[in-house]
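The values are calculated or read from the model by the stated rules, or taken from the named source; none is laboratory data. Computed from a prediction, not measured in an experiment: that's the story for all the values here. Cβ coordinates were reconstructed from backbone atoms using ideal geometry, including for glycine residues, and neighbour counts include every protein chain displayed. Just so you know, the surface numbers come from the protein's heavy atoms only, side chains and all, with ligands and any DNA or RNA stripped out. Shrake-Rupley method; radii C 1.70, N 1.55, O 1.52, S 1.80 Å.
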Amino acid sequence: MTDRSELEARTRYDPSEVEPRIAQAWLDSGLFHPEPAGDPADNYSIAIPLPNVTGVLHMGHALNNSIQDCLIRFNRMKPPPTPRTKWILGTDHAGIATQTQLERVLLAEGTSREQLGREPFVERVWRWREDYGGQIIEQLKRLGASLDYDDERFTLDDRYARAVQHVFVALYEKGYIYRDRYLVNWDPGSLSAISDLEVEDREVEDTLYYIDYPLASGSGAVTVATVRPETMLADTAIAVHPDDDRYRRLVGEKAILPLVGRKLKIIADDYVKPDFGTGALKITPGHDPNDFEIGRRHGLQQISVIGEDGRITAEAPERFVGMTVEEARREVVAELRREDLIARTEDYVHEVPYSQRSGERIEPLISLQWFMRMDELVKPAIEVVNSGRVRFWPESYTRVYMNWMENIRPWVISRQLWWGHQIPVWYRGIPPTQERYVGETPPEGEGWERDPDVLDTWFSSGLFPFAALGWPEDTPSLRAFYPTDALCTARDIIFLWVARMIMMGIEFTGQIPFEDVYVHSIIQAPDGRRMSKSLGTGVDPIDLINGGPRPPVFESGGDFPAYGADAVRWGLYAMSSAQDVRFSEDKLAQGLQLTNKLWNAARLILLSVSSDARAEPRPKTVEDRWILTRLDRARAAIADETKRYAFAHAALRLYDFVYGELCDWYLELIKPRLRAGGVGGVGGADLHATLLHVLTQTLAIAHPMIPFVTEEIYRYIPGAEGLLAAGGVLSEDTVRDEAAEESVARVIAAVQALRGWRDFAGVRAAATVPARLAAEGYEETGEHLARLARMAFTSDGAEPVATVPVPGGAVEILPSEDIDLEGAQRRLAARRAKVEAEIERAERKLANRGFVDKAPADVVQAERDKLARLREELGE
């Protein structure tokens, strides 16, 4: 407990002072690091989606990690036996991103990785990681993320590397991993193969060239359409649909490949679309995935004229060798025009694959790579979702997952990089008698050379939930915290990461890695575009927390105020009501209001109760019983919504309880008792104990969402040391008094009705109006009603000037000089005229058959509901 004189001096809450201090205290306490013990069924754990070692915090990270932290803290607050909670921390080596970043550094220094050599380059990356790789971890601490920082893992550390090598060897020995020459997605930006899941289609404008291929018989030509004339240098056939009458007679004949002279067989294949172009398709197995499959079906030669460096190879005519793809396209088109072989051109808009990693256009190339076949691994991963053992939230993502899993293809797992897990395969000799050794340790003997490729980053990250806990060793951490309980992720890595973790977890531990997969919202820019620094639409969460410049997408300029981490977290929860939501600064402002309101309420309570008071529910009045009931209902609702991952509902329920029920009503209801003081009766020890109980339980409920302000307030609780240290303080004892709920709900409704009338009648705020209470059910709350509505109830028989309906009857307003009756009548007449006009407009709209028949049913019903409300207001 902290000296209350300090609290008395702190008239305002300053998150910029409190949050860094509290964050450091948490880190120093060691409370984020649970000692491994117990059964995972009794414990609670989450594995963080691995942030890249090159990464910095963005809005997706902020939302994702705020949600995970909420889940972790929620479980820490549970009553005894409180589960041991571990938020498993790791960072990903991010092979392509990290290597690319350091290569830019080397380029600026006037050198390159090739000039350094592999070992010096890898050593340089390790040094770079030590200097710059922890930025996002420090930002997570500022957000309040209660990760186990004492047990941080890195996907290239020695223990993790052993797990990766073990998995590769095991899958190889089972025949799941193999090496083959196959058409892959080649990323010219990173000079590496990438998987299908790392490719995105972009709409581009191209030119569609119609090129004449002369028939070998000399009897004409076949015209084909292509947007990539440079790849024709690798054509090995022309294909037509077998049912296309235009070409049926040509099947089996040959055409001459322009510029090259190679004879191309004309084949029939069902893949060809007769309505595209001319219905005749040039087949280039070395540079198109569909052509590659056609080539395999028909035994066609595979020629590659584009190399891994993006330049034309010696497979093409000599005059094109060494050109870039763009240069070759221009020259090929120019030669075709000179030979009058371009029949026509047209503009063509289509989707083209690009690398998500480098942003470069993908080149489909035939390459010798390592692949993993997924047939056996996918079956149990489908079954655990079908059976409900692994559940997706929202449930709609179950179908998304299943569609991909049911149509899964082999995974190219090798990457042509130096930074990453080097494939544990060694070779000796030269083909075709070359020896191969696959193992976790290098082979004995001389002459062995290791495969230069590294594994896809997603291969190693797919092991994270169990490899981070020490697997393949049977460690205490693995026994205590695996399987984990939940995974929080974005929808864009369901296939890249989530599905692979499920497959790997089942294959190597025999258990699912988590039970729930929560797919969180995507926070868009305020104008609905994706958040991006380059587009000027990105919002830096640290600028929101500490105060920083608003990006150009905001209408108002200047800096963000320092909202603090609590307000940012609460605002993100409140925004996350749908899968795609626009960023709302208003929600952050609302979060800041909540933290200030809670601070002021706590300060009022803590400066009012005696220093020897202890938290205990000891209700003496109807309002005490009411707040305990409402507290219990809020606790149960927020717990249920948290368990269902309905964080927007949980956040707003917390706001409504703190702002409305606790502050606006309960504290107002008990103020006379607090002022009365004393150690006995309704204003003494019982009230103090009840107040402290309500405060501590409110802090426990709120802590998972707004941890800093709740921790700071808890320091002033008599006899308390710290909320995080206390843990398990949330009570789950059911306290429900429906009669008290009904009684206080009645007086709240009556106060609101009377306040509304006062505003309408123009009564001065400080004036007390004489009135008669002609209603039942206010035996315990009549004094509250009079005080909060500023009414002086009397039995005076004077004629009322107004009657205000309230639950159980009415309040008759008696004559008073504080009431402006003429003004009230004018306002009433104006309001009546406005309502009548709105009724007339709604009736005309609903009488219009065009509107009723064509508008959506919910729009029509909304208009009918509005008309009913207006008629009710008018008294019809």
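Taking Val240 as the residue in question, decide whether it is surrounded by fewer than 22 Cβ atoms within 10 Å (Cβ to Cβ), under 22 Å from Pro214 (Cβ atoms) and among the β-branched types (Val, Ile, Thr).
Against the criterion (surrounded by fewer than 22 Cβ atoms within 10 Å (Cβ to Cβ), under 22 Å from Pro214 (Cβ atoms) and among the β-branched types (Val, Ile, Thr)), Val240 does not qualify.
Residue-level check: of (1) more than 48 Å from the chain's Cα centre (by Cα); (2) assigned to a loop (DSSP other than H, G, I, E, B), Ala334 misses just (2). Whenever a residue of the range 636-649 is on the phi < 0 side of the Ramachandran plot, its partners that are polar (S, T, N, Q), lying with C-beta atoms within less than 6 angstrom and at least six residues away or across chains, give the pairs Phe647/Ser576; Ala648/Ser576; Ala648/Ser577. Confirm whether Val581 is aliphatic (A, V, I, L, M), outside any loop (DSSP other than H, G, I, E, B) and surrounded by 15 or more Cβ atoms within 10 Å (Cβ to Cβ). Yes; evaluated as a whole, the condition is true for this residue. Within the range 247-261, the residues that satisfy the criterion of being assigned to a loop (DSSP other than H, G, I, E, B) and either open to solvent by less than 60 Å² (accessible area, probe 1.4 Å) or acidic (Asp, Glu) (or both) are Tyr247, Gly252, Glu253, Leu257, Pro258, Leu259, Val260, Gly261.
The range 410-525 holds helices (runs of 4 or more DSSP H) entirely within its bounds, and those carrying 3 or more residues that are open to solvent by less than 20 Å² (accessible area, probe 1.4 Å) map to 457-461, 464-467, 499-509. Applying the condition of being in contact (Cβ under 8 Å) with a residue 24 or more places away in the chain and of a type outside the set (Phe, Trp, Tyr) to the range 386-398 and asking which residue is surrounded by the most Cβ atoms within 10 Å (Cβ to Cβ) yields Val390. Filter the range 803-837 for residues that are within 22 Å of Val751 (Cβ to Cβ) and of a type in the set (Asp, Glu); which is surrounded by the most Cβ atoms within 10 Å (Cβ to Cβ)? Going through the qualifying residues, I end up with Glu812. Out of Arg479, Arg491, one residue alone is of a type in the set (Lys, Arg) and under 15 Å from the mean Cα position of the chain (by Cα). It is Arg491.
Pick from the range 660-678 the residues that are modelled with pLDDT of 95 or more and farther than 14 Å from Leu695 by Cβ: which of them is least open to solvent (accessible area, probe 1.4 Å)? The qualifying residue least open to solvent (accessible area, probe 1.4 Å) is Leu669.
Taking the range 66-94 as the range and being of a type in the set (A, V, I, L, M), closer than 14 Å to His33 by Cα and not in a helix (DSSP H, G or I) as the test, the residues that pass are Ile88, Leu89. Taken over the range 842-854, the criterion of being surrounded by 11 or more Cβ atoms within 10 Å (Cβ to Cβ) and within 11 Å of Leu867 (Cβ to Cβ) is satisfied by Ala842, Glu843, Lys845, Leu846.
Scanning the range 128-182 for residues that are in a helix (DSSP H, G or I) and of a type in the set (Ser, Thr, Tyr) gives Tyr132, Tyr149, Tyr160, Tyr172. The condition of being of a type in the set (Val, Ile, Thr) and more than 25 Å from the chain's Cα centre (by Cα) holds for only one of Val352, Val385, Val390, that being Val352. In the condition set (1) under 30 Å from Glu17 (Cβ atoms); (2) surrounded by fewer than 20 Cβ atoms within 10 Å (Cβ to Cβ), Asp733 is compliant with all but (1). Residues in the range 189-199 that are touching a Phe, Trp or Tyr at 6+ places or on another chain (Cβ under 7 Å) and not in a strand (DSSP E or B) were compared, and the one that is modelled with the highest pLDDT is Ser195. Give Ala163, Ala145, Ala94 a once-over and let me know the one that is closer than 23 Å to Leu455 by Cβ and modelled with pLDDT of 95 or more. On inspection, the qualifying residue turns out to be Ala163.
I'd like the full set of residues that are open to solvent by 50 Å² or more (accessible area, probe 1.4 Å) and in a helix (DSSP H, G or I), limited to the range 399-409. Selection gives Arg399, Val400, Asn403, Trp404, Glu406.
Sort out which residues of the range 169-188 are at pLDDT 95 or above, open to solvent by less than 50 Å² (accessible area, probe 1.4 Å) and at negative phi, and write them in order of number. Selection gives Val169, Ala170, Leu171, Tyr176, Ile177. Checked against (1) surrounded by 21 or more Cβ atoms within 10 Å (Cβ to Cβ); (2) under 30 Å from Met77 (Cα atoms), Val763 passes all but a single condition, namely (2).
Find all pairs meeting these conditions: Cβ atoms under 8 angstrom apart; at least six residues apart or on different chains; first residue within the range 39-61 and over 26 Å from Tyr482 (Cα atoms); second residue of a type in the set (S, T, N, Q) and outside any strand (DSSP E or B). Listed by first residue and then by second, the contacts come to Thr54/Thr98; Thr54/Gln101; Gly55/Gln135; Val56/Gln135; Val56/Gln139; Leu57/Gln139. Residue selection: Val325 satisfies the criterion of being buried (at least 17 other Cβ atoms within 10 Å of the Cβ), in contact (Cβ under 8 Å) with a residue 40 or more places away in the chain and either over 21 Å from Asp212 (Cβ atoms) or not aliphatic (A, V, I, L, M) (or both).
Restricting to the range 617-647, name every residue that is in a loop (DSSP other than H, G, I, E, B), open to solvent by 50 Å² or more (accessible area, probe 1.4 Å) and either more than 26 Å from Glu783 (Cβ to Cβ) or among the basic types (Lys, Arg) (or both). Within the range 617-647, Arg618, Lys620, Arg644 meet the criteria.
Within the range 776-801, being in contact (Cβ under 8 Å) with a residue 12 or more places away in the chain, farther than 20 Å from Thr621 by Cβ and surrounded by fewer than 19 Cβ atoms within 10 Å (Cβ to Cβ) holds for Ala792, Thr794, Ser795, Asp796, Ala798, Glu799, Pro800, Val801.
Do we have Glu152 as over 26 Å from Leu478 (Cα atoms) and either open to solvent by 30 Å² or more (accessible area, probe 1.4 Å) or aliphatic (A, V, I, L, M) (or both) here? In short, no.
Looking only at the range 688-711, decide whether some residue is touching a Gly at 6+ places or on another chain (Cβ under 9 Å), surrounded by fewer than 22 Cβ atoms within 10 Å (Cβ to Cβ) and over 21 Å from His649 (Cβ atoms). No, that holds for no residue.
Consider the range 855-876 and keep the residues that are closer than 28 Å to Gly756 by Cβ and outside any helix (DSSP H, G or I). The one that is least open to solvent (accessible area, probe 1.4 Å) is Gly875.
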